[in-house]
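Peer 1: Quick one: structure below, then a few questions.
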Amino acid sequence: EPLRGLIPVFDLKFAPGRSMDPDKERAQRKRLQRQVAQERRGAVRELRRDAAFMAREREKEQRDKDERRRDEQREIWQFLEEQQRTFKEAVKKGVAKGGGMKKHLF
C-alpha cells in the first residue's frame with residue numbers, strides 16, 4: 001500500500017486562468033491590478049511606437065529639405081560656372097577685358 005503523503009492530489013475543478021484564492025474580494029483586486037498593469041504596458045508600447053513613427057517622419061522631412069537645398073545649390077553653382085565660362089570666352093575673344101590681378105611694382 002503506497003504512503004498517503006506521496007499520492008498526488010488532483011483538483012478536478014482546476015481552471016488555468018482562475019484564481020484559487022478563497023477571498024473573492026482579494027482575488028478580484030489582484031485581477032484588476034493585473035489588468036491595469038497590462039493596460040499600462042500596452043499604453044507605453046503604443047506611445048513608443050508613436051514616438052518612433054514621428055521620429056521617422058521628422059527624419060524623412062529633414063532629408064527632403066536637405067535634398068531640395070542641395071538641388072538649389074547645384075543650380076546656383078551651374079549658373080555661376082556658366083557665367084564664368086561665358087566671361088572667359090569673351091575675354092579670350094577680346095570682347096571683354098579680364099579683371100585679373102594688377103601687377104605691383106616694388
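The values are calculated or read from the model by the stated rules, or taken from the named source; none is laboratory data. Not measured: the values here are computed from a predicted model. Every residue, glycine among them, receives a Cβ derived from its backbone with ideal geometry; neighbour counts consider all protein chains shown. All accessible areas refer to the heavy atoms of the entire protein, side chains included, with ligands and DNA or RNA removed. Shrake-Rupley method; radii C 1.70, N 1.55, O 1.52, S 1.80 Å.
Peer 1: Can you show me the helix-derived [θ] at 222 nm for the chain, built from DSSP H runs with n ≥ 4 at -39,500 (n - 2.57) apiece and divided by the number of residues, rounded to the nearest 500.
Peer 2: The per-residue figure over the chain is -25000 deg cm²/dmol.
Peer 1: Here is a further query. Work out the length of the dipole vector of the chain about its Cα centre, built from +1 on the beta-carbon of each Lys and Arg and -1 on the beta-carbon of each Asp and Glu, and round it to the nearest 20 debye.
Peer 2: With Lys and Arg at +1 and Asp and Glu at -1, about 400 debye.
Peer 1: Can I ask one more? I want the local charge near Glu89. Using Cβ-Cβ distances under 13 Å, sum +1 for each Lys or Arg and -1 for each Asp or Glu among the other residues. Kindly include the intermediate steps, with their values, before the conclusion.
Peer 2: Numbers: positive: Arg85, Lys88, Lys92, Lys93; negative: Glu81, Glu82.
For residues surrounding Glu89, the net value is +2.
Peer 1: Under a 1.4 angstrom probe, counting protein chains only, how are Leu32, Leu6 ranked by accessible area, largest first?
Peer 2: Leu6, Leu32
Peer 1: Which of these values of P(r) over Cα pairs in 5 Å bins from 0, in percent was calculated from the structure shown: [x] 2, 8, 6, 7, 6, 6, 7, 5, 5, 5, 4, 4, 4, 4, 4, 3, 3, 3, 3, 3, 3, 2, 1, 1, 0, 0; [y] 2, 14, 22, 23, 20, 11, 5, 2, 0; [z] 3, 16, 21, 17, 14, 11, 8, 5, 3, 2, 1, 0, 0?
Peer 2: Computing P(r) over Cα pairs in 5 Å bins from 0, in percent and matching it to [x] 2, 8, 6, 7, 6, 6, 7, 5, 5, 5, 4, 4, 4, 4, 4, 3, 3, 3, 3, 3, 3, 2, 1, 1, 0, 0; [y] 2, 14, 22, 23, 20, 11, 5, 2, 0; [z] 3, 16, 21, 17, 14, 11, 8, 5, 3, 2, 1, 0, 0 gives [x].
Peer 1: Something else now. Pairing the Cα long axis of helix 24-93 with the longest principal axis of the chain, what angle in degrees results, from 0 to 90 and rounded to the nearest 10?
Peer 2: 10 degrees
Peer 1: Report the number of Lys pairs in segment 7-106 whose alpha-carbons are under 28 Å apart, with separation of 8 or more residues or on distinct chains.
Peer 2: 9
Peer 1: Run through segment 1-62 and list the trypsin sites (Lys or Arg not before Pro) located in a DSSP loop whose Cβ has at most 11 other Cβ atoms within 10 Å.
Peer 2: Taking segment 1-62 and a limit of 11 other Cβ atoms within 10 Å, the loop trypsin sites (Lys or Arg not before Pro) found are Lys13, Arg18.
Peer 1: If you stretched the chain out fully between Glu61 and Lys92, how much longer would it get, using 0.36 nm times the residue separation minus the C-alpha to C-alpha distance?
Peer 2: So the chain would gain 6.5 nm between Glu61 and Lys92.
Peer 1: Work out the charge dipole of segment 1-89 with +1 on the Cβ of Lys and Arg and -1 on the Cβ of Asp and Glu about the Cα centre, then indicate which of Gln83, Gly42, Ser19 is farthest towards its positive end.
Peer 2: The residue sitting farthest along the positive end of the dipole is Ser19.
Peer 1: Further question: Rolling a 1.4 angstrom probe over the protein heavy atoms, how many square angstrom per residue are accessible across the chain?
Peer 2: That works out to 107 Å² for each residue.
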